[in-house]
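Chemist: Before we start, here is the structure in question, set down as structure tokens.
The values are calculated or read from the model by the stated rules, or taken from the named source; none is laboratory data. All of these numbers come straight from a predicted model, not from anything done at the bench. No Cβ is skipped: glycine too gets one built from the backbone with ideal geometry, and neighbour counts run over all protein chains shown. Side chains are part of the model used for accessible areas, which takes the heavy atoms of the whole protein and leaves out ligands, DNA and RNA. Shrake-Rupley method; radii C 1.70, N 1.55, O 1.52, S 1.80 Å.
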Amino acid sequence: MARNTAQWLKRPNLPSTHYVDPIIYSSEEIFEEEKEKIFRKVWHLACHESELPNPGDFRTYRHPGGTPLVIVRGQDGKVRSFYNICPHRGNVIVYEPSGNAKNLTCIFHQWAFNGYGECVDIPRGKEGYQDRLCKEDVALKEVRTEVGFGGFVWVNLDDHCEPLAQYIGHALDFMLPELESEPLEIMWYYQATLHTNYKLIHDTNSEFYHDYLHFYNRVTGMLDPNSGYFQRKYTAFPNGHASVGSQKCNYAAYKGTVRRSALGWPHLEPGGWKLVDLFPAITFNLRTSVLRIDSYIPLAPNKVILEFRTLGLKSDTPEIRRQREKDAITIWGPWGRNLHEDLLASSGQGMAMAKGSQAMYVLQAREEDNTIHDEIGMRHFLAEWSRRMGRSASNPMLKTEAAARAVA
Ligand SMILES: [Fe+2]
């Protein structure tokens, strides 16, 4: 029998860690608090060093904490990040996504800054400011920046944050041989903007029960008794990170499109697949011959930019690179059979759980010894979210010290 309203609104008879109040996906108050307590405190993956190969190269980044950044390779070869905010009148200094320039010059009044963040020109400075203000007073604000874990550029708005290696801990260990054996190079950068909550996208990368959504994943993994699919185990790491054990995909079982090549990846077993989710919005996804990196930029409770990067090896010949691109497109491209299915499901969640909808508690309650259809990946993420927010995901508006302690 279908439920009436009272039954629909009733809390599930499950541990409070095993269900979620959907208000965490739509509340403005919670979103603003996430910016303060999470996004401005953690390390974010801004780009890959191969996007800035030469001195003077720059790349803009819309930081999830709400601060526009520009990342620059200085004349000394070092990568630095700055607020992309002109100290004069608060205009964005760099509008282009990327480029190369000797100096970064604001279009508004032509104030110019070099790759060290120093102001190098104020037009008619002396005439206007006399000795009351000089170039040294108006340098850019530098942001903590590190390059690592496969040559990615990471940024953190918190001047006093822990080092990147400490934040990641051992979460990427089981992918490190593949990430660091030789230099990587970006193949494609692309974006999607979805009307959904960023946590729901990360959830989809953190649970594989949804392989019922993907015919491709079912035939190349779930339905192949030799793939090791059901033996894959989640490993939870501190700070909300998690990895999913490796699996061997049987791509030949998929008849619907061009098969993936035999091209592999150094240190990865043939047909192998490894995946690591980093809190709060990054996924490293290495599938056989291509590394895909997801990083999300939430703009509002129900709006998020998804950044995707696919990477190959810097040493690739043009022929090998074309093959990697073909492999990537068979599954993750516009006519592929995986990524946009995920986006469809996450968008549907955004619609059904939008503010004012009557969505009630959703479940994260599967327990299967931490294997692939267990929902521990999502629970582990929300445990970290609760720790940082001082709110329980199943009773988030009860924001008391006791609630904060209970979820700590
Ligand atoms: Fe998926």
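Chemist: Given the options 32, 118, 127, which has the most mean-square fluctuation in a GNM of the chain, springs set between C-alpha atoms less than 10 angstrom apart?
Modeler: 127
Chemist: Translational D (Stokes-Einstein, µm²/s) of the range 127-188 at 10 °C and 1.306 mPa s when Rh comes from the Kirkwood sum over C-alpha pairs?
Modeler: 105
Chemist: Can you pull out the chymotrypsin sites (Phe, Trp or Tyr not before Pro) in the range 7-43 that DSSP calls coil and that have at most 11 other Cβ atoms within 10 Å?
Modeler: For chymotrypsin sites (Phe, Trp or Tyr not before Pro) across the range 7-43 that sit outside H, G, I, E and B with at most 11 neighbouring Cβ atoms in 10 Å, the list is empty.
Chemist: Using the structure shown, select from 10/37; 37/303; 274/326; 102/135 the pairs with a Cα to Cα distance greater than 23 angstrom.
Modeler: Table pairs above 23 Å Cα-Cα are 10/37.
Chemist: Let me ask another. Find the centroid of the Cα atoms in the range 22-43 and in the range 141-211, then give the distance between the two in whole Å.
Modeler: 19
Chemist: Let me ask something additional. Under 5 Å between amide H atoms, partner at least 5 residues away or on a different chain: which partners does residue 188 have, H built in plane at 1.01 Å?
Modeler: So residue 188 has HN proximity to 310.
Chemist: Could I ask something else about it? What do you get for trypsin sites (Lys or Arg not before Pro) in the range 252-305 restricted to DSSP loop and a cutoff of at most 15 other Cβ within 10 Å of the site's Cβ?
Modeler: In loop regions of the range 252-305 (DSSP not H, G, I, E or B), the sparsely surrounded trypsin sites (Lys or Arg not before Pro) are 255, 259.
Chemist: What value does the range 174-389 have for Rg/Rh, both radii from Cα atoms and Rh as Kirkwood defines it?
Modeler: Result for the range 174-389 is an Rg/Rh of 0.95.
Chemist: Moving on to the next point. Considering Cα pairs under 8 angstrom that are at least six residues apart, work out the relative contact order of the chain and quote it in whole percent.
Modeler: 20
Chemist: Are there DSSP H segments in the chain that both extend 15 Å or more along their axis (alpha-carbon positions) and score a mean Kyte-Doolittle hydropathy of at least -0.5? List them, or say none.
Modeler: 339-352, 376-389
Chemist: I'd like the distance separating the alpha-carbon centroids of the range 366-383 and the range 87-103, in whole Å.
Modeler: Taking the Cα centre of each part, the range 366-383 and the range 87-103 sit 43 Å apart.
Chemist: In the chain, if every C-alpha pair distance is counted and binned at 10 Å from zero, what percent goes to each bin?
Modeler: Spelled out per bin, shortest first, that is 4, 20, 29, 24, 14, 6, 2, 0, 0.
Chemist: So with the 1.4 Å probe, I'd like the accessible area per residue for the range 174-389, rounded to whole Å².
Modeler: 39
Chemist: Hey, got the Cα dimensions of the range 136-264 along the principal axes, in Å, largest first?
Modeler: 64, 38, 31
Chemist: Next question, about the same structure. Choose one answer from 376, 297, 329: the residue with the largest mean-square fluctuation in a GNM of the chain with alpha-carbon springs under 10 Å.
Modeler: Evaluated over the chain, the most mobile residue of the options is 329.
Chemist: Helix-only estimate, please: 222 nm mean residue ellipticity of the chain, summing -39500 (n - 2.57) across DSSP H runs of length 4 or more and dividing by its residues, to the nearest 500.
Modeler: So the calculated ellipticity at 222 nm is -6000 deg cm²/dmol.
Chemist: Could you give the length gained on full extension between residue 6 and residue 91, defined as 0.36 nm per residue of separation minus the Cα-Cα distance, in nm?
Modeler: 25.4 nm
Chemist: Give me the percent of the accessible area of the chain that comes from carbon and sulfur atoms, probe 1.4 Å, all protein chains in place.
Modeler: On the chain, the fraction of accessible area on carbon and sulfur atoms equals 54 percent.
Chemist: About its Cα centre, what dipole magnitude does the chain give when the only charges are +1 on Lys and Arg Cβ and -1 on Asp and Glu Cβ, stated in debye to the nearest 20?
Modeler: Roughly 760 debye for the chain.
Chemist: Still on this model: How many percent of the alpha carbon pairs in the range 298-408 exceed a separation of 22 Å?
Modeler: Value for the range 298-408 (Cα pairs over 22 Å): 58 percent.
Chemist: Using DSSP to define loop residues, name the chymotrypsin sites (Phe, Trp or Tyr not before Pro) in the range 47-156 whose beta-carbon has at most 13 other beta-carbon atoms within 10 Å.
Modeler: Taking the range 47-156 and a limit of 13 other Cβ atoms within 10 Å, the loop chymotrypsin sites (Phe, Trp or Tyr not before Pro) found are 95, 108.
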